[in-house]
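Taking it in order: structure first as structure tokens, then the write-up.
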Amino acid sequence: MNITYVSEDEPKYVDNWRKLMKKENIPWRSLLAVNDVDAIKKKHNAVSIPYTLLVYSNKHFEAIDIRKKEDKDKLYSLCGK
């Protein structure tokens, strides 16, 4: 499983985001989207924060809410746990 975190921070917060990534030593790929944030949200129907997409190897995807037990259980089952 690969995790990619995409932040939609405003340009004025880019330095704060970079400091946080370094300080917390985030182990997964972290990307910053500051240009065309509205287009990105529209493309992926992002309606809340956090917004999580589970993307399968066949390129299909589904929105999940990792705060919900059933979605968290789905992730664990995909990892063999």
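Read the figures in this text as sums done on the coordinates, not as results from a lab. Bear in mind the structure is a predicted one, so any value in this text is a computation, not a measurement. Because the Cβ atoms are built from the backbone with ideal geometry, glycine has one as well, and the counts that use them run over all protein chains shown.
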Response to the item:
Going through the stretch 17-51 in order, the residues found to be in a loop (DSSP other than H, G, I, E, B), over 12 Å from the mean Cα position of the chain (by Cα) and surrounded by 10 or more Cβ atoms within 10 Å (Cβ to Cβ) are Ile26, Val34, Asp36
Worksheet entry | Neighbours by Cβ (under 6 Å, 6+ apart or cross-chain): first from the stretch 1-15, in contact (Cβ under 8 Å) with a residue 60 or more places away in the chain; second assigned to a loop (DSSP other than H, G, I, E, B) | Met1/Cys79
